[in-house]
1. Are any of the residues in segment 460-470 among the β-branched types (Val, Ile, Thr) and more than 23 Å from PRO190 (Cβ to Cβ)?
2. Is it the case that SER246 is small (Gly, Ala, Ser), assigned to a helix (DSSP H, G or I), farther than 20 Å from ILE396 by Cβ and open to solvent by 40 Å² or more (accessible area, probe 1.4 Å)?
3. Please specify each residue of segment 375-403 satisfying the condition of being among the small types (Gly, Ala, Ser) and in contact with a Lys or Arg (Cβ under 8 Å, 6 or more places away or on another chain).
4. LEU93 fails exactly one of the following numbered conditions: (1) within 22 Å of GLY174 (Cβ to Cβ); (2) aliphatic (A, V, I, L, M); (3) touching a Ser or Thr at 6+ places or on another chain (Cβ under 7 Å). What is the number of that condition?
5. Could you grab the pairs with beta carbons closer than 9 Å, sequence gap of 6+ or different chains, first residue in segment 29-42 and crowded, with 19+ Cβ neighbours inside 10 Å, second one among the hydroxyl-bearing types (Ser, Thr, Tyr) and part of a helix (DSSP H, G or I)?
6. Can you confirm whether segment 83-92 contains a residue that is open to solvent by 20 Å² or more (accessible area, probe 1.4 Å), in a helix (DSSP H, G or I) and touching a strand residue (DSSP E or B) at 6+ places or on another chain (Cβ under 8 Å)?
7. Within segment 122-132, can one find any residue that is touching a strand residue (DSSP E or B) at 6+ places or on another chain (Cβ under 8 Å) and either within 21 Å of LEU28 (Cα to Cα) or open to solvent by 10 Å² or more (accessible area, probe 1.4 Å) (or both)?
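The values are calculated or read from the model by the stated rules, or taken from the named source; none is laboratory data. Note that the coordinates shown come from a computational prediction; the quantities given were computed from them, not determined experimentally. Positions of Cβ are generated from backbone atoms using ideal geometry, with glycine treated the same way; all protein chains shown enter the neighbour counts. Just so you know, the surface numbers come from the protein's heavy atoms only, side chains and all, with ligands and any DNA or RNA stripped out. Shrake-Rupley method; radii C 1.70, N 1.55, O 1.52, S 1.80 Å.
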Amino acid sequence: MHQLTLAEIARGLADKSFSSEELTGALLARIRSLDPSINSFISVTDELALEQARAADARRAAGESGALLGAPIGHKDLFCTTGVRTSCGSRMLDSFKAPYDATVVERLAQAGMVTLGKTNMDEFAMGSANESSHYGPVKNPWNLEHVPGGSSGGSAAAVAARLLPATTGTDTGGSIRQPAALTNLTGLKPTYGRVSRWGMIAYASSLDQGGPMARTAEDCALLLQGMAGFDPKDSTSIDEPVPDYSTSLNASLQGLRIGLPKEYFGAGLDPRIADLVQASVKALEKLGAVVREISLPNMQHAIPAYYVIAPAEASSNLSRFDGVRFGHRCENPKDLTDLYKRSRGEGFGAEVQRRIMVGAYALSAGYYDAYYLKAQKIRRLIKNDFMAAFEGVDLILGPTTPNLAWKLGAKGDDPVAAYLEDVYTITANLAGLPGLSMPAGFVDGLPVGVQLLAPYFQEGRLLNVAHRYQQVTDWHTRVPTGF
């Protein structure tokens, strides 16, 4: 059963080939057996999962149906889950049990999904390798000596290893799409505001967006259907009707206009990845798409702009963790200043401390205009580039990452090198656009992803193109050895 996709599980539950309780028990046993080798889970919720599975079976027995009813899910460990540790991969929140469900968790639970556990992640979602977690690094199932990408690396590795069919992730600068590319998954970052951020512990509030991670575009469509929609509890949520994403999956690609930004194919891109991107272009052309070169001239400024804006927002968001109200508190503080310093110094890891310091500096008197304000102006220029490009094309296509998954620890002494792995993904977050990464082949046994970007609220188009591509390729069906 562990090889079934979410869509196949829905059909199996509907025709009574197996029950949700049987499926849940089998996957929990698989997690216990295999996860120690990849460290993709922080918490496994056996009792909760079996309780939810039995409830789902009872709902089906009473005549209720639904694609997600009784299907298993794992949540990235920054989505608050009632009574379950929600750690953000940090010592700071190691003992925190959320008193409520995030809207995403609540909606998927109402749809009948079964929560198997909370997945490992870079601490407070800060990282591109899933190595900054307080609970240790996650390993890539395709090669256990390599990273799975971050910050949603635990979510990605768990699905890639067939421990469960789908997970939730969050994407601040590529943290759904990048690990999806490095582990051979389909990962979707929706339009900013499409999925509620309420109960999702923030890294950078104007950039964070939750989304689905699964093996196929079809599965991502099912998950997004359950996650998306307006939430009055989230001031950044947008009241925009949610279409039925599954109905448009098989739409024709005839005449679809796809743009290839010339800036994507510079010296920093591994030529073997470039070749696979071109191969995916040819496959889409055979399906009727029309491809032409475009330009995103301000892309070169994206990395410096992002690494001013995101740390600035992080320094503000993380100021609440002071050892007073909740979270880690140091032992026997001498005074209030000592309480603050030691609680934060002990609770936060090195990468989080680095970004807090950068953000505080960028927002400080005398530097705000020179750094933060200028970065926001660049952000507007990047958005304008996309708006101009979408006047002539329907989608933008390119590599998801410039390189293959690197070895664990290889970039530990050079954080900037890790930051550069997000060069193709962060522009979508700065502009608030939807983006999707889909499997596109392998180099030296490691997966490669291709990224699609679309205008606002065109997630259906992204899923449609990825689904049609997956109908004529088999990359997404490949399974890592041993799993």
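1. The first filter runs over segment 460-470 and keeps only residues among the β-branched types (Val, Ile, Thr), leaving 465.
Remaining after also requiring more than 23 Å from PRO190 (Cβ to Cβ): none.
No, there is no match, as no residue in segment 460-470 is among the β-branched types (Val, Ile, Thr) and more than 23 Å from PRO190 (Cβ to Cβ).
2. Numbers: small (Gly, Ala, Ser): yes; assigned to a helix (DSSP H, G or I): yes; farther than 20 Å from ILE396 by Cβ: yes; open to solvent by 40 Å² or more (accessible area, probe 1.4 Å): yes.
For SER246, the condition - small (Gly, Ala, Ser), assigned to a helix (DSSP H, G or I), farther than 20 Å from ILE396 by Cβ and open to solvent by 40 Å² or more (accessible area, probe 1.4 Å) - is met.
3. Hit for segment 375-403 is GLY392, nothing else.
4. Only one criterion is unmet by LEU93, namely (1).
5. Taking only residues 6 or more apart or on different chains, the pairs are SER40/SER155.
6. Within segment 83-92, not a single residue is open to solvent by 20 Å² or more (accessible area, probe 1.4 Å), in a helix (DSSP H, G or I) and touching a strand residue (DSSP E or B) at 6+ places or on another chain (Cβ under 8 Å).
7. So in segment 122-132, the residues touching a strand residue (DSSP E or B) at 6+ places or on another chain (Cβ under 8 Å) come out as 125.
Filter once more, keeping what is either within 21 Å of LEU28 (Cα to Cα) or open to solvent by 10 Å² or more (accessible area, probe 1.4 Å) (or both): none.
Checked segment 122-132: no residue is touching a strand residue (DSSP E or B) at 6+ places or on another chain (Cβ under 8 Å) and either within 21 Å of LEU28 (Cα to Cα) or open to solvent by 10 Å² or more (accessible area, probe 1.4 Å) (or both).
For (1) open to solvent by 40 Å² or more (accessible area, probe 1.4 Å); (2) touching a helix residue (DSSP H, G or I) at 6+ places or on another chain (Cβ under 6 Å); (3) farther than 22 Å from ILE426 by Cα; (4) of a type outside the set (A, V, I, L, M, F, W, C), each residue gets a yes or a no:
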residue: SER252; (1), (2), (3), (4): yes, no, yes, yes
residue: GLU263; (1), (2), (3), (4): yes, yes, no, yes
residue: LEU269; (1), (2), (3), (4): no, no, no, no
residue: GLU285; (1), (2), (3), (4): yes, no, yes, yes
residue: GLU293; (1), (2), (3), (4): yes, yes, no, yes
